[in-house]
Amino acid sequence: MSAGQDVSVALITGASRGIGAAAAVALARRGWRIVLAVRDPRRTADVVAQVEATGQPVWAVPLDVTDTASVRAAVAATLDRAGRLDALVNNAGRIDPIGLLGDTDVDEWRACHDVNLHGPYRAIHAALPALLQSPAAAIVNLSSGAAHATREGWSAYCSAKAGLAMLTRCVAHEYPEIRSYGFQPGFVDTDMQARIRASGVNDISRMPRTALAPAQHPAEFIAWLCDARPADLAGQDLSINDPVLQTRMRKDCR
């Protein structure tokens, strides 16, 4: 990629830590300029330093995915600072409430959908005009195996992620010029997994931390999807555990 305004720009939600932060670094290593969209930009010092170490510019902008005005402002700030937008990574998410459906709080259940489903919708809706101006636009929605298989105590999370998988398909159908993907990162050592372990609910909570993958592993796949934009995979809900996908990504990255 060439320097200046011709360098692609990625906006990543929930990028202060975990998979979002790792994806920012992975994309920067591929030559992308990075915008970290987070609730508190003051907490991005570590990831900012890691991105800057690659030689790429990075900006942190405030974002609350549950607030439409905040999402629109984050996209506007991205365009103001970086001049363009080529990839949107919808990474921000929450697992709560964890518990049998009848024991959950109605407002907490709704809040889970507001972050995991309505949040990506808000971000996509706000980013569409800019993405449609990009010569090579991509959207990656962080999905989950829970979108396709029920887990005890996760009714809110499972149903929200299932909705997100369909949203990915809808975007790919309505805007084929934007390559849209769902991506299931597998079991990753993040703060969300710590919350799951603390809950003691279902078999996932009993997985030892040593069995979890580092965030850098799914981050490489996310960066590849944004950069390579494989046309035949658009609209799909992809799994990091798919050996065919693993082989293809590694071959393309040689």
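If you go through segment 79-103, how many residues are closer than 22 Å to Asp114 by Cβ and either β-branched (Val, Ile, Thr) or surrounded by fewer than 24 Cβ atoms within 10 Å (Cβ to Cβ) (or both)?
11
Taking segment 170-193 on its own, how many of its residues are touching a residue at least 12 places away in the same chain (Cβ under 8 Å), in a helix (DSSP H, G or I) and not β-branched (Val, Ile, Thr)?
Within segment 170-193, residues that are touching a residue at least 12 places away in the same chain (Cβ under 8 Å), in a helix (DSSP H, G or I) and not β-branched (Val, Ile, Thr) number 5.
So, in segment 202-232, exactly how many residues are more than 21 Å from Ala28 (Cβ to Cβ) and surrounded by fewer than 17 Cβ atoms within 10 Å (Cβ to Cβ)?
10
Within segment 27-43, how many residues turn out to be surrounded by fewer than 23 Cβ atoms within 10 Å (Cβ to Cβ) and either of a type in the set (Val, Ile, Thr) or more than 16 Å from the chain's Cα centre (by Cα) (or both)?
Number of matching residues: 7.
How many residues are in contact (Cβ under 8 Å) with a residue 60 or more places away in the chain and of a type in the set (A, V, I, L, M) if we restrict to segment 138-163?
Total satisfying the criteria: 5.
So which helices (runs of 4 or more DSSP H) stay within segment 1-120 end to end and still have 3 or more residues that are closer than 23 Å to Asp189 by Cβ?
18-29, 45-52
Return yes when Glu108 is within 25 Å of Trp224 (Cβ to Cβ) and at pLDDT 95 or above and no when it is not.
For Glu108, the condition - within 25 Å of Trp224 (Cβ to Cβ) and at pLDDT 95 or above - is not met.
Output yes when any residue across segment 152-162 is part of a helix (DSSP H, G or I), modelled with pLDDT of 95 or more, of a type in the set (Ser, Thr, Tyr) and buried (at least 22 other Cβ atoms within 10 Å of the Cβ), and no when none is.
So far as segment 152-162 goes, yes, one or more of its residues are part of a helix (DSSP H, G or I), modelled with pLDDT of 95 or more, of a type in the set (Ser, Thr, Tyr) and buried (at least 22 other Cβ atoms within 10 Å of the Cβ).
Please indicate, with yes or no, whether at least one residue in segment 118-125 is closer than 24 Å to Ile204 by Cα and touching a Gly at 6+ places or on another chain (Cβ under 9 Å).
For segment 118-125, residues closer than 24 Å to Ile204 by Cα and touching a Gly at 6+ places or on another chain (Cβ under 9 Å): absent.
Can you name the condition, by its number, that Arg169 falls short on among (1) under 28 Å from Asp67 (Cβ atoms); (2) charged (D, E, K, R); (3) exposed (fewer than 15 other Cβ atoms within 10 Å of the Cβ)?
(3)
The values are calculated or read from the model by the stated rules, or taken from the named source; none is laboratory data. Keep in mind it's a predicted model, so treat the numbers as computed, not measured. Cβ atoms come from the backbone with ideal geometry, glycine included; neighbour counts cover every protein chain shown.
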